[in-house]
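Working notes for the structure below.
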Amino acid sequence: MTVWPFLIVRVVSNPCSNALQKWLASQGVPSSAQLLLVHLGLSLVTLPLLLRDSLTIRTPEFWGWCGLSATLAVGANWLIIEALRRYDLSLLGPINAFKPVVSLFPGWVLLGEPLGLLAASGILLVLTGSLLLTPRTKPGQRSQALLGDRGVQLRFLALILSAGEAVTLKRAIRLADPLTVFASWCLLGLLILLPITLRRLLRNGPSLMGPNPKRQSMAALGLVTTTGLMQSCTLITLAAFPVGAALALYQTSSILTVLLGHAVFQEPHLHRRLGGAMVMAAGAALLVLQAG
């Protein structure tokens, strides 16, 4: 079975998921509620996958890696939603191109994946493209303008966590098939989120949604669907590619993220951000060649 259709679905579903997260956040839906609804919905769908085999055949090592990946995913997605609440989708999406750069070192140490000249060239292009994302300022101030924003800072923290998540997922995939890892990730994420959300309900009242729950329910269903497609296809492609290569391939979604930010949220600087995203995607492509 070829992995490329799953890669395409992953590339398309990720920016759609981010756009839905941003819209729900703008409607007053808390980050914890978004995450709980996603993991609850996906757990209900994937529970039969866990029951298909006896859970006793899974080793403590498997559950350890899955638990760590779920913890990192909850933290990363929480930070992503908070970043999207504060800043433009079309800027925060391309920043994700730094993820394969962040993942190179742990991928090399923990998984034995190679580094080389092409990887260095890819990193340079990613850095150059990131400078194109910011408005023209005085010399030397572009990086300050980018890194000084709170939303961008949260996105970089999320990037570090999600890069670590990719490495831990790869370790879990070596111990079980991708769909079993996916089902375990969904359930463990739900177990992490339940006490957090229960505390919020006791403090703020019974509603998980914002002021217009009926209007938001379809968007929440779309978020569950796009996140499920994204994560399951992530695991399938991680099983076929090294971590650095898989994360680099995902960066082509940043171009769609810029277009969605402009079309849905009327975000500015379309041409500059589109150009920056393309340069960063080219850097990611070099990381693919390095991994190959």
> Which members of region 240-258 meet the condition of being modelled with pLDDT of 90 or more and over 16 Å from I8 (Cβ atoms)?
Replying inline: V258
> Taking the condition polar (S, T, N, Q), out of contact with any His (no Cβ under 9 Å at 6 or more places or on another chain) and buried (at least 20 other Cβ atoms within 10 Å of the Cβ), does Q27 pass?
Replying inline: no
>> Anything in region 209-239 that is modelled with pLDDT under 90, in contact with a helix residue (DSSP H, G or I) (Cβ under 8 Å, 6 or more places away or on another chain) and part of a helix (DSSP H, G or I)? List them, or say none.
In response: Q216, L238, A239
>> On the basis of being part of a helix (DSSP H, G or I), closer than 26 Å to V29 by Cα and either at pLDDT 90 or above or over 14 Å from the mean Cα position of the chain (by Cα) (or both), does G276 make the cut?
In response: no
> In this structure, does P30 turn out to be in contact with a Lys or Arg (Cβ under 8 Å, 6 or more places away or on another chain) and either free of Cβ contacts under 8 Å to residues at least 40 places away in the same chain or not β-branched (V, I, T) (or both)?
Replying inline: yes
> When residues of region 1-15 are filtered for being outside any helix (DSSP H, G or I) and free of Cβ contacts under 8 Å to residues at least 24 places away in the same chain, how many remain?
Replying inline: 2
>> Restricting to region 165-181, name every residue that is basic (K, R) and either part of a helix (DSSP H, G or I) or touching a His at 6+ places or on another chain (Cβ under 9 Å) (or both).
In response: K170, R171
>> Here are the criteria: (1) at pLDDT 85 or above; (2) part of a helix (DSSP H, G or I); (3) over 16 Å from the mean Cα position of the chain (by Cα). Tell me which single one V29 does not satisfy.
In response: (2)
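The values are calculated or read from the model by the stated rules, or taken from the named source; none is laboratory data. These numbers were taken from a predicted model, which means no experiment stands behind them. Glycine gets a Cβ as well: all are built from the backbone with ideal geometry, and neighbour counts include every protein chain shown.
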